Amino acid sequence: MTMTVFENNMDQIPQDIDGIVAIGKFSGHQLHLFEKLTPAVVVVDYDVLVGGLDCVLPDFVGGMNQAAGYLTTHYQNIGLIAGLELTTDGQRVRDVREKTFLNALKDRERYNPKLVKVENYTVDGGYKAMKELLAGPESLDAVMVTNDAMAVGALRALHEAHVVIPDQIALVSFNDIESVTCNLYPALSAVHVATDQMASVAIELLGRRLADSELAPQRVVVGTRLMLRQSTPPEETNS
C-alpha cells in the first residue's frame, strides 16, 4: 500500500512504514525522523547524500549554466528573479539555481546586483519581483526566473507594463511544467526538468534500499535541457 502525506501532516506517517520517498527540502531534524521510521528513505529534489541518504536531483547546475550561456550570448543587461528556499519546517536553504546563475553572470562580466530580486516561490512573488525590476533605473533586456510559478507572475507584470516579449525583454524559466509554460502567451522558454524520469529513479532507488539497507547511499542527477519557445527569440534571429 502507498500513502501520500503532505508537509503539514507528517505526524500521520505510519510507524510501521516500509519506505519513504520525500519530495522537497527537509531539515536535518525532519530527515532524522524519517530515518527513525525506516532505513529506506529517498529524497527527491534535495541533495542529502552528505547525510547518508539516497537522493534524486535535476541537474540544477547544468540547466542554469545552459540558460546563462544562452542569455549572455545574446543580451547585456540580464536580471534574475530567484525564490526564497525553505525546508518544510521553515529553515532557509540556499538555492543552487541562484548561486549557479549569478556565478555564470560574474564569469561573463554581466553581473549587476541591482538586477537580482529574491521573493517567495509563488506567482505573487514573481509578480512583485518583476514590478521592482521594471520600476528600477537599470536597463533590462532579459530575465531568468528560477521556477514556473514565479515566471507566471513575472509575465503578468510585463504584460501590465505593456512590455513586448521578447522584443523588449526576454524571459526564461526553470522546471518547465509544460501544461503551464506551453499554454501561456507567449509560451515560456524554460529549462526542462524530467520529473517523470526522476520519479522512476526514486522508486528504483527505494527498491534497492529495501532489498539491501547496507548499500552505500547514492545521488542520481537527471539531466536538464533548455527549451526555447516564444518568450525568447529563435536562435537564428539573435544577434
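Derivation of every value follows stated rules applied to the coordinates shown; laboratory data play no part. These numbers were taken from a predicted model, which means no experiment stands behind them. Quick reminder, even Gly has a Cβ in these numbers, built from the backbone with ideal geometry, and neighbours come from all protein chains shown.
Gap in Å between the Cα centre of the range 128-205 and the Cα centre of the range 66-82?
Centre-to-centre (Cα) distance: 13 Å.
So which trypsin sites (Lys or Arg not before Pro) in the range 131-239 are both in a DSSP loop and have at most 13 other Cβ atoms within 10 Å of their Cβ?
Working: sites: Lys131, Arg156, Arg208, Arg209, Arg219, Arg225, Arg229; in loops: Arg229.
Hits after loop and neighbour filter: nothing returned.
In the range 103-213, with Lys and Arg counted as +1 and Asp and Glu as -1 at Cβ, which of these residues, Thr146, Ala202, Val191, has the Cα nearest the positive end of the dipole, that is, farthest along it?
Checking the options against the dipole of the range 103-213, the answer is Thr146.
Pull up the cross-link candidates among the lysines for Lys106, meaning alpha carbon to alpha carbon under 19 Å and not fewer than 8 places away within one chain.
Straight-distance partners of Lys106: Lys114, Lys117.
Just to be sure I understand, if you calculate Rg and Dmax of the Cα atoms in Å for this structure, which of (1) 19.4, 60; (2) 19.8, 74; (3) 18.5, 52 do you get?
The value computed from this structure is option (1).
Rounded to the nearest 20 debye, what is the charge dipole size of the range 1-159 about its Cα centre when +1 sits on each Lys and Arg Cβ and -1 on each Asp and Glu Cβ?
700
What GluC sites (Glu not before Pro) does the range 168-224 have in DSSP loop regions with at most 13 other beta carbons within 10 Å?
Glu214
Which helices of the chain meet both criteria: a Cα extent of 15 Å or more along the helical axis and a mean Kyte-Doolittle score no lower than -1.0, with helices taken as whole DSSP H segments?
Those that pass (Cα extent of 15 Å or more, hydropathy at least -1.0) are 60-74, 96-107, 123-135, 148-160, 195-211.
Suppose we keep just the DSSP beta bridges with both residues in the chain; what percent of those would be antiparallel, to 5?
20
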